[in-house]
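See structure below.
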Amino acid sequence: MICVIVSVLRTPHSSVAVQMRGKRKSCRQSYSSCLGASSRLGLKPVLTGRRLNTSRRAPKSHSITEKVTPEQLALLLKTEWKLSYVTPLYQFRHTQLRSYCRQLSAFIAAEKQQGLAVEVEGMQSGYRVSFSAVQGMAEADDDAETVTIQIHSKSMLAKQDEPEKLVWSGWLSCINGNPDYLHSLPNDFTCLPLFGSSGQEVFTFLVQSWFQKTFDCCFGPLEINHTSLQWLAALWTNCHTESSIQHLKLIWTLPVEPQLQITYTVNPQDAWSLWSSVRKDPEEENEGEEESIDFEEVVRFIQGLKNHFYKHFRLDLSAGTLKQVSTALGSAKYSGRIKISNSRYMITTLTLLTEAALLKMPI
Amino acid sequence: MDDTTKRLLHRLIRRTSTEMLKTTLGKWGRLTMAQRQSLDFTQSKSALTEELLTLCEKNGWTVKNVAELEMIHVIDNPNQGMWHAYRLMDPEDDACSVELTQFKERFKTHLSEVVRHVSVKTKKHTDEAVWIRIAWGDTFSRPNHLKPTYVVYHLQTPYVFVTSLTSKQKPLLSQALILSTRYQGFKDANLSGRKLTAIRDLLMKQYPLVFPTNFSSPVAEKDQTMSNPCIIKEQDGLEAKRLQMARGAFGDGVLPQLESAVYKLETKFKDQTNRIMTEREEPFRCVVKFTSTNLLESFRQCAASGIVSPPITPLFSSIPLKGKNYFALKDKTLGSSP
Amino acid sequence: MSLLKSFNNFPALNTANILLVENEEQFQQSLANALVEAADAIVNVRLAKSLPVPTKNEESRPRIDLVVFIINLTSELSFESTEASLKYLDCGYFLGKVCFMLTNARNASIPPERLDAVRKLASLLHCPLLFAEDQTPDGVTNAAERLLTILKVAAGHVPMTTALYMSILTQCTVLPDIDQPSFD
């Protein structure tokens, strides 16, 4: 809150009231109320609007490598990220990333002085924080640019040319965020609803609390639920012809004592054949329109896998919970951990996750 | 004292709990009474290691001595590492008369015939099992004591349990075993697990078995009287049937702790709702792995609670029945059967 | 294998009969105990994994006043099984003598779509939808008490009211939310 007051002091008097009003109002408008205002117990057609999209564009192999520099892409790829959702950031400016670096480093240093357990092995003289905006990641016009954050530790004993050690990294992103919702936000808010972190929990906590103090936002864990996992399984399999998925691995757990875990690994070619067999006839779709995937097809795909399984083991996987999906393109766990291994399909995955994060956001 | 001895001892101490180490050292018997009493087991692991290394130097222990210590430790803690079961095939007439000393002698000679540098140590355990520790070397290098293979052979049975065996060493071991046990073949039993006792019990059927019967056991009928007369189960019969079926397949006693089972399926896709795939000629290739801290117990629970629909598939009941946990399935028309 | 009929038997004095249907057969046992304990009248509880109930019990089965479908939201199968069971209920039951009880609704792994599906089902059949906590003893007692309130009415123990009348008040409706202010 402190920062809000500071900013209010800086702004001309006339705009104070407007700002505060706008802010309070935003608290009332959540993504769900925006999409299906009348849908908490809404009628059928509205009901689905509050949920994940039931149809999405087939992933194209995006030319993301042309738009984003490989160094920046490398920051996002091949690391397993723990996901959180973030409510819109108040007065976040992409132009002030440099000053945020200083502020966050100072914050971490101050917290460390207070005795908060930020102790990595060896002697640490301090931490260097770097913020950077990933140019070219945004898909839609309303998307705010993705921001990456890295924390390096500077060792006191280290030699001059020794590289600093990366102790924590994270990012905030918004890919294909719902335009209606984004438009409904007052100007002072930047919506970067998806937050990924990798590294010591302590740093995640510090970064989150700094964001909370500075931008008056809040964080919460983002699980990748059953529906999203099914979506990912189908979306990744759909890419097989362009980029081999190597395998499609699904992990279920069954509620028996002791817990039974089932790992179902499907040959990529066969997974693809099954996927094509459940796809709707492309001719039925409107010509000229982009290829789209319906959730119905996703459900049929997973159901097909389950049915084949049942025929052999007489065990219905629906009795259990889908916990994990992985292919060579990436892996996703129910606990909210995601790893994207191939930049070509990163956008599709992030679009889905952005949507999930917007849905999970409270208020 | 060479470097290998030190490393071997160091590694062993690191892996063992202090309490365990005390008893193991006692069994080993290479420390004098005074030395044993002077050892302070309450101090830190690193200090204890230092002390033992000094003793090692002083007493002039060789690699073989320390290897023996390791072997005692492994015999006492068999449930570590991945054990694979093998089965000896086609016994010769005199196979059942092979006794311990004869086997030990033969095994050593046969193995050193095929591998130039090899260090073999055997020990007979209380339960009729012969434990063999093999440190492999080759024509040019001395036996590597840091990567030993352990073999457990139960005399007069066709079962052999092996841990950390590379594919290169397998034929060598196989030949030595065949010749010294008077069998003619050596085959993978498709059973593996981290708990040696569990896979041994499963293979040798040393756990409470149930003989399939068609009569309901008296246990199935007593439940109803326990509960409140106001609460009645409509489908009581079904539940009893499920319980009986679960017991029939997996028994009702304590089950060997098997951790996993793998099925490699190359069968035709089966799903009536999907015509395209069901009519496809090629098999649908997938691998299904079941894991649990006690797999058979989990399966029994699944069957009892109805998650697995009756009748229980032979794929599950084969695990205790055939003593296997790896299955490769192909459709009969395509070639071999499961 | 037949339909469960709502009026095929005479009611007994000061007695209410409830049928709990749950595919997992876990919560129903503790709930049944709590129901019998908490009730001041005689409550007979019948437990089933799914419907139809076996015909061999037809003779001994009293008139069922309330059918409760327990759905564990973490399991897809639980919902599917309930959907299948519903077909074996006489339509007379849907006049206030059926209710749904959901467990694990707070679990984060549940896709919201599943809750929606249950909601839609309940509102389509004009049945009340109750949420219960099955892990704690308090939650179980609480759930039992709520069921008893409905059961009493359904069994005709409450003068001046009927199950049908009450269901108008308690049934799950998928109502439009209060309108939110529009965006500028």
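Throughout, read-outs are computed from the coordinates displayed, never taken from laboratory work. Given the structure is predicted, the values throughout are model-derived calculations rather than measurements. All Cβ positions, glycine included, derive from the backbone under ideal geometry; neighbour counts span all protein chains shown.
Quick one: Cα centre-to-centre distance for the range A:192-206 and the range B:23-37, in angstrom?
Taking the Cα centre of each part, the range A:192-206 and the range B:23-37 sit 52 Å apart.
How would A:F219, A:F92 line up from fewest to most surrounding beta-carbon atoms within 10 angstrom? Provide the component values of the computation, followed by the final result.
Values: A:F219 18, A:F92 22.
Lowest to highest Cβ neighbour count: A:F219, A:F92.
Percent of alpha carbon pairs in the range B:229-274 separated by more than 17 Å?
Working: 692 of 1035 pairs.
Value for the range B:229-274: 67 percent of Cα pairs lie more than 17 Å apart.
If one computes the Cα centroid of the range C:127-157 and of the range A:66-109, what distance in Å separates the two points?
Centre-to-centre distance over Cα atoms comes out at 49 Å.
Return P(r) of the range B:3-76 (all Cα-Cα pairs; 10 Å bins starting at 0; whole %; ordered from short to long distances).
It works out to 19, 63, 18, in whole percents.
Name the aspartates and glutamates eligible as straight-distance cross-link partners of B:K123: C-alpha to C-alpha under 17 Å, and not fewer than 8 places from it in the same chain.
B:E68, B:E70, B:D76, B:E99, B:E105
Would you mind checking the radius of gyration and Dmax of the range A:250-363 based on alpha-carbon positions, in Å?
Rg and Dmax of the range A:250-363, Cα atoms, are 16.4, 53 Å.
Across the range B:257-270, in residue order, what do the Karplus-derived ³J(HN,Hα) couplings come to in whole Hz, using 6.51 cos²θ - 1.76 cosθ + 1.60 with θ = phi - 60° and x for Gly and Pro?
7, 8, 9, 8, 9, 10, 10, 9, 9, 10, 10, 5, 5, 10
Using only the alpha-carbon atoms, what does chain B span along each of its principal axes? Please give whole angstrom values in decreasing order.
Projected onto its principal axes, the Cα set of chain B covers 76, 54, 44 Å.
Give the lysines reachable from C:K152 as a straight Cα distance under 22 Å; neighbours fewer than 8 places away on the same chain don't count.
Within the straight-line cut-off, C:K152 pairs with B:K233, C:K5, C:K97.
Considering the alpha-carbon set of the protein assembly as shown alone, what are its Rg and its Dmax in angstrom?
33.4, 106
According to the Cα gyration tensor, what semi-axes, each the square root of 5 times an eigenvalue, does the equivalent ellipsoid of the range B:268-316 have, listed from largest to smallest in whole Å? Before the final figure, lay out the partial values.
Working: eigenvalues 160, 39, 13 Å².
Three semi-axes, in Å: 28, 14, 8.
Among the aspartates and glutamates, which have Cα under 18 Å from the Cα of B:K330 when same-chain residues fewer than 8 positions away are ignored?
In chain and number order, the partners are A:D270, B:E266, B:D271, B:E279, B:E281, B:E282.
Against the 2.2 N^0.38 Å scaling, with N counting residues, where does the range A:213-266 land? I'd like the Cα-based Rg ratio to two decimal places.
After normalising by residue count via 2.2 N^0.38 Å, the value is 1.68.
Given the range C:15-170 reduced to its alpha-carbon atoms as identical point scatterers, what log10 I(q)/I(0) does the Debye formula return at q = 0.17 Å⁻¹?
Computed log10 I(q)/I(0) values: -0.99.
Filter the GluC sites (Glu not before Pro) in the range B:33-101 down to the DSSP loop ones having no more than 15 other Cβ atoms within 10 Å, then list what survives.
Values: sites: B:E50, B:E51, B:E57, B:E68, B:E70, B:E92, B:E99; in loops: B:E92, B:E99.
Passing both the DSSP loop test and the Cβ count: B:E92, B:E99.
Over all residues in B:234-247, what is the mean tally of Cβ atoms on other chains that come within 10 Å of each residue's Cβ?
On the way: counts 16, 11, 4, 3, 4, 3, 0, 0, 1, 0, 0, 0, 0, 0.
Going residue by residue through B:234-247 and averaging, the value is 3.
How big is the range B:107-215 along each principal axis, measuring the range of its Cα positions in Å and listing the largest first?
65, 28, 27
List the trypsin sites (Lys or Arg not before Pro) in the range C:88-176 that DSSP assigns to loop (not H, G, I, E or B) and whose Cβ has at most 12 other Cβ atoms within 10 Å. Which are they? Write down the numbers at each step before the final one.
Details: sites: C:K97, C:R106, C:R114, C:R119, C:K120, C:R146, C:K152; in loops: C:K97, C:R106.
Filter output for the range C:88-176: C:R106.
Would you please give the residues with an amide H less than 5 Å from that of A:G330, counting only those at least 5 places away or on a separate chain, with H modeled from the backbone geometry?
Placed amide hydrogens put A:S341 under 5 Å from A:G330.
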